[in-house]
Each structure stands twice: as structure tokens, then as C-alpha cells.
Amino acid sequence: MAEDQQRLNIVGMEREAMQGFFATLGAPEFHARQVLQWVYQRGVSDFSAMTDLSKTLRVRLKEIAKIGLPDVVSESSSADGTRKWLLRLVDGNCIETVFIPEEGRGTLCVSSQVGCALNCSFCATARQGFNRNLDSSEIISQLLIAKGLLQLSGHGERPITNVVMMGMGEPLLNYQAVISAMRLMLDDLSFGLSRRRVTLSTAGVVPAIRRLSRDCPVSLAVSLHATDDALRDKLVPLNRKYPIRQVLEACKHYLLGDQRRRVTFEYVMLKGANDSKDDAHRLCGLLDDVRAKVNLIPFNPVPGVGWQASESGALNTFRDVLLSAGIMTVTRRTRGADIEAACGQLAGQFRDRTQRRARL
Ligand code: SAH
């Protein structure tokens, strides 16, 4: 065991880091490319199987490096085909990852932290508290594990066509690890996903949205959920630090680089709180000068949370107001609710360092 801990885990190393690693071994750079392809494209987890590397190099790699992945503790399958895995990390903390199959595409919902520190008042992850950030290896491992298991169960060679950073955690509060993992998702030697097929969802960490546009401009989704600061302060406490105006400015800035893109605004529909016609009109006003899409999310019940889901009539009226204002709007279909895999229901298993659970 002690020996295993000393070996370097190459999962999560970006291309440059991998090349640097091979340079320290005195091995040619192209071996880094081969190893990336073995690990991410062919799902090989043993250096001995990498037959285009010399025998000596394979033996050396086995001595000093490893392809370390979290353990799969359990899998749940929903009646609608959604699958959720509970993964145990080396320190015993557990996180969740969800696969959502749709016609012509397969989306993996990836976690970025063990728990979440933001404490949004309608979210199950918030109620679990926060333990720590995931590292880039633990983030990219979620794709590797899901891909392997999906291939085994007949989902084809490339079961994951899209990734959404919408699992447990606030990705922009774990910036470096998330960027590093997303760069690997985009690397042709690895998963080779296009930037449009990787979406990062944030509650609105304004300075990090600005950095993201420079460092790794993937598709951006923002959890808006309210049209005035007083309500948003209650729903998404981060709003006290970065109010709606600042978040929208950051979104406009994000779009400057690409005229065809849009930011997706997520809006969870809460009965009697944010779902009136007035709210809908205010939302149109706010998004008037932003290239936006709106995703209305039916509220998924979370035990112990005071909020309730909007009636379908209110939801449809809200949607129609947005559509008549020319705003692209879809109601997100709830997936995996029977296995608690739907938006806001991911909880994992870990020790809360913030003592939030104790205060509930
Ligand atoms: N922290 C990031 C990533 C989480 S994404 C963010 O806030 O964007 C998960 C999405 O589901 C967010 O839009 C979140 O606000 C929403 N959500 C949380 N709890 C929910 C619930 N109970 N029902 C529906 N959506 C919920």
C-alpha cells in the first residue's frame, strides 16, 4: 500500500505535464501521446498492455507510476435510462456522477467538489455541507469510469458525447483542477470533445467567469433562479457577493469572443416565489441585451427544504412570456428523479467540515 501511494498517478495529467514527465524519464515525447491515447481512448489501466512502448519503459512506468481511479461503490439505474454511480475516493469520501442518455447523445453530469460550500436554499448537495475540492484526476476519472461501464453495457464506442459540470460542487470555486480536467476532455488525444459539448454551470463566481473566457472558453450556464437581488440573496447566497447585474455583465463579457454563442440561464421554478408573470417579464428585461437561452428547471423535491414545485400551468405561462419576447426557452426534462439523480439531488457520502448538517 505504502508503495502504491508513492507511485505517481498519471490520470489527470494534461498533455504538457505528461510530456514533462516522460522527459524526466529520458523517454521521447511521443510516448506521452501514446500513453494519453491508451488511457483515455482505449481505457487501458495497466502499463503492461501498452504494447507500442518498449518493454523497459513499461516496466519502469509500472515501478514509478499508476493509473489510479476511484472505486465504484454502487450503481443505480432509473426507469428512464439515467444511471448514477457512487464513487469512493482514496480518502474515503464519496461523490456521485450521473449519465443521461437521450436520442442521439449521451450526457455525463460531473462533480467538481465533495459537497458544496454555497448553501443554495433549495439544493440537496448544499444540505450535505462541504468537505474538499476534487483534484483534476478525480474529475476526469468520472468520465473514464462511466465510459468503461457504459461500453461494457452496450452503449457503443463513444457513449459520452457531452459533459456538463453540473454535479456536486461549484466548479468555479475549484478553478485550476476543473480547467485542467476540461482541457483533457477537449484534447484530441484524450476524449476530444468540442468546446460546445462541454458545459460549465456556475452560481455566478464573477471573477472566475472572466478568467474562464481566457483560459478555457467552454459553454457557460449560469444558475440565475431569481430576477431581483432580494430573492436571489435568499436562494443563492453567493448573490450577496456577486449580485445579478455583475453576473450579467460577466456573461456579456464572456460572449465577446464568439458572436454565435449564448449563455444558458438556469431558472428553477419555485411555486409562489419566482414563477409569476411579473417575474417572467422582469427576466425578459434582464436578458434584453444578453445573447441568452433559458432552461426552466422543474424543482426536484429535497427533504427538509421549504420550497415547492411550480404548477405546470405557471411553468407554461412563464415559458410563453419568454418565448414571445424572442428568448430561446426550454423546460428541462426531469431525469433520474426515482434514483435521486436529478438536478439538485446529488448528495454523495462524506464528512461535512462546515458543520452545516449539525446546524439544520
Ligand atoms: N454550483 C453550480 C453547479 C450545480 S448545477 C451551479 O450552481 O450552477 C446544478 C443545477 O441544478 C443548478 O442550476 C442548481 O441551481 C439546480 N438545482 C439545485 N437544486 C435543485 C432542485 N432541488 N431542483 C431543481 N434544480 C436544482
Would you be able to say whether some residue in region 138-146 is among the hydrophobic types (A, V, I, L, M, F, W, C) and part of a loop (DSSP other than H, G, I, E, B)?
no
If we ask which residues in region 223-243 are away from the ligand (no atom under 13 Å from the Cβ) and touching a Leu at 6+ places or on another chain (Cβ under 7 Å), their number turns out to be 1
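Every residue, every condition in (1) touching a strand residue (DSSP E or B) at 6+ places or on another chain (Cβ under 8 Å); (2) assigned by TED's automatic domain parsing to the domain that holds Glu340, yes or no:
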site	(1), (2)
Ile10	yes, no
Gly26	no, no
Ser77	yes, yes
Gly81	yes, yes
Taking interchain pairs and intrachain pairs at least six residues apart, which have beta carbon atoms under 7 angstrom, with the first residue in region 306-327 and of a type in the set (D, E, K, R) and the second outside any helix (DSSP H, G or I)?
Glu311/Lys271; Arg319/Leu296; Arg319/Thr329; Arg319/Thr331
For region 297-317, state whether one or more residues are assigned to a helix (DSSP H, G or I), away from the ligand (no atom under 16 Å from the Cβ) and surrounded by 15 or more Cβ atoms within 10 Å (Cβ to Cβ).
yes
Filtered residue count, region 251-282, keeping only those that are over 25 Å from Val205 (Cβ atoms) and under 22 Å from the mean Cα position of the chain (by Cα)
0
Would you mind stating whether Phe122 is away from the ligand (no atom under 13 Å from the Cβ), aromatic (Phe, Trp, Tyr) and out of contact with any Cys (no Cβ under 7 Å at 6 or more places or on another chain)?
no
Quick check: anything in region 200-222 away from the ligand (no atom under 15 Å from the Cβ), at pLDDT 95 or above and crowded, with 21+ Cβ neighbours inside 10 Å?
no
Would you confirm whether or not region 179-189 contains a residue that is of a type in the set (Gly, Ala, Ser), within 26 Å of Val268 (Cα to Cα), within 16 Å of the ligand (Cβ to nearest atom) and buried (at least 22 other Cβ atoms within 10 Å of the Cβ)?
no
Based on this model, can you work out whether Phe99 counts as in a strand (DSSP E or B), modelled with pLDDT of 95 or more and of a type in the set (Phe, Trp, Tyr)?
yes
Of those in region 273-287 that are among the charged types (D, E, K, R) and either outside any loop (DSSP other than H, G, I, E, B) or modelled with pLDDT under 95 (or both), the residue nearest to Leu231 (Cα to Cα) is Asp279
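Taking Val330, is it within 15 Å of the ligand (Cβ to nearest atom), among the β-branched types (Val, Ile, Thr) and in a loop (DSSP other than H, G, I, E, B)? Reasoning before the result, please.
Values: within 15 Å of the ligand (Cβ to nearest atom): yes; among the β-branched types (Val, Ile, Thr): yes; in a loop (DSSP other than H, G, I, E, B): no.
For Val330, the condition - within 15 Å of the ligand (Cβ to nearest atom), among the β-branched types (Val, Ile, Thr) and in a loop (DSSP other than H, G, I, E, B) - is not met.
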One residue from Gly204, Gly192 being touching a Leu at 6+ places or on another chain (Cβ under 8 Å), closer than 23 Å to Ser121 by Cα and small (Gly, Ala, Ser):
Gly204
Residues (crowded, with 21+ Cβ neighbours inside 10 Å and not in a loop (DSSP other than H, G, I, E, B)) located in region 165-178:
Met165, Pro171, Leu172, Val178
Taking region 77-95 as the search range and keeping residues that are in a loop (DSSP other than H, G, I, E, B) and under 25 Å from Arg333 (Cβ atoms), which one is nearest to the chain's Cα centre (by Cα)?
Thr82
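Residues in region 102-137 that are outside any strand (DSSP E or B), farther than 15 Å from Val164 by Cα and of a type in the set (Gly, Ala, Ser): how many?
Initial filter on region 102-137 (outside any strand (DSSP E or B)): 103-104, 110-112, 116-129, 134-137.
Among the residues that remain, those that are also farther than 15 Å from Val164 by Cα are: 103-104, 116-129, 134-137.
Narrowing further to those that are of a type in the set (Gly, Ala, Ser): 104, 117, 121, 124, 126, 129, 136-137.
Adding up the residues that qualify gives 8.
Taking the conditions exactly as written (touching a strand residue (DSSP E or B) at 6+ places or on another chain (Cβ under 8 Å), within 15 Å of the ligand (Cβ to nearest atom) and at pLDDT 95 or above), does Val290 satisfy them or not? Walk me through how you get there before you give the answer.
On the way: touching a strand residue (DSSP E or B) at 6+ places or on another chain (Cβ under 8 Å): yes; within 15 Å of the ligand (Cβ to nearest atom): no; at pLDDT 95 or above: yes.
So Val290 fails the test.
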Long-range neighbours under 8 Å by Cβ, at least six apart or interchain, first residue over 16 Å from Leu186 (Cα atoms) and outside the structural domain of Asp188 (by TED's automatic domain parsing) within region 31-53, second charged (D, E, K, R) and assigned to a helix (DSSP H, G or I)
Ala32/Arg15; Gly43/Lys147; Phe47/Arg58; Phe47/Lys62; Ser48/Arg58; Ser48/Lys62; Met50/Arg58
Residue in region 254-268 that is within 16 Å of the ligand (Cβ to nearest atom), assigned to a helix (DSSP H, G or I) and modelled with pLDDT of 95 or more present
yes
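The values are calculated or read from the model by the stated rules, or taken from the named source; none is laboratory data. Keep in mind that this is a model prediction, so the values were computed, not measured. Here Cβ is always computed from backbone atoms with ideal geometry, including for glycine, and neighbour counts include all displayed protein chains.
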